[in-house]
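Quick notes on the structure that follows.
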Amino acid sequence: MTKRIHWIAVNGQISVTDATVPPTLEEMQEYVDGYIEVVAVLFNDGPQQMIINEEGALKQLRINLHATSVYHAAPIVQKGQIPNQVIYGNAILLDNMRLD
């Protein structure tokens with residue numbers, strides 16, 4: 001099972017890197033431009049984690065359309081509720097790896 005990190009920029013650019021460990025807290029905070037929040041998503045037929053800016057809406061960051069579409073595709077992970085929030089700013093999708 002290949003472990004990957006998907007760096008999902010708010011401008012639509014997506015960069016995928018193979019990795020054996022998740023990014024550091026500092027790397028995640030730098031990429032999302034602030035405090036991080038971990039949300040559950042469904043990606044590649046399994047539950048994964050997405051790292052987003054915890055204060056993205058308050059900071060009035062731009063909406064990340066791609067990250068939002070991934071987040072909205074995961075209602076089963078969101079305890080049966082259809083998520084209605086949007087993702088603001090850059091996001092990081094951890095594919096086949098988890099933060100401890």
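The values are calculated or read from the model by the stated rules, or taken from the named source; none is laboratory data. The shown structure was predicted, so the numbers you read here are calculated from the model rather than taken from an experiment. Virtual Cβ from ideal backbone geometry, glycine too; neighbours counted across all protein chains shown. Accessible surface areas use protein heavy atoms only, side chains included; no ligands, DNA or RNA. Shrake-Rupley method; radii C 1.70, N 1.55, O 1.52, S 1.80 Å.
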Kindly indicate whether any position in segment 51-68 is in contact with a Lys or Arg (Cβ under 8 Å, 6 or more places away or on another chain) and either within 18 Å of ASP100 (Cβ to Cβ) or open to solvent by 40 Å² or more (accessible area, probe 1.4 Å) (or both). no
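Would you point out the residue of segment 69-86, among those that are open to solvent by less than 50 Å² (accessible area, probe 1.4 Å) and at pLDDT below 85, that is nearest to the chain's Cα centre (by Cα)? First the steps, then the outcome.
Residues of segment 69-86 that are open to solvent by less than 50 Å² (accessible area, probe 1.4 Å), as a first pass: 70-71, 74-75, 77-78, 83, 86.
Then drop every residue that is not at pLDDT below 85, which leaves 74-75, 77-78, 83.
Working: ALA74: 12, PRO75: 15, VAL77: 14, GLN78: 14, PRO83: 14 Å.
So, considering only residues that are open to solvent by less than 50 Å² (accessible area, probe 1.4 Å) and at pLDDT below 85, the one nearest to the chain's Cα centre (by Cα) is ALA74.
Step by step: first the residues of segment 27-50, then only those that are closer than 24 Å to MET1 by Cα and touching an Asp or Glu at 6+ places or on another chain (Cβ under 8 Å), then the one that is most open to solvent (accessible area, probe 1.4 Å). Which residue is that?
Filtering first and then ranking leaves ASN44.
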Every residue from segment 33-58 that is of a type in the set (Val, Ile, Thr) and more than 17 Å from PRO23 (Cα to Cα): VAL41
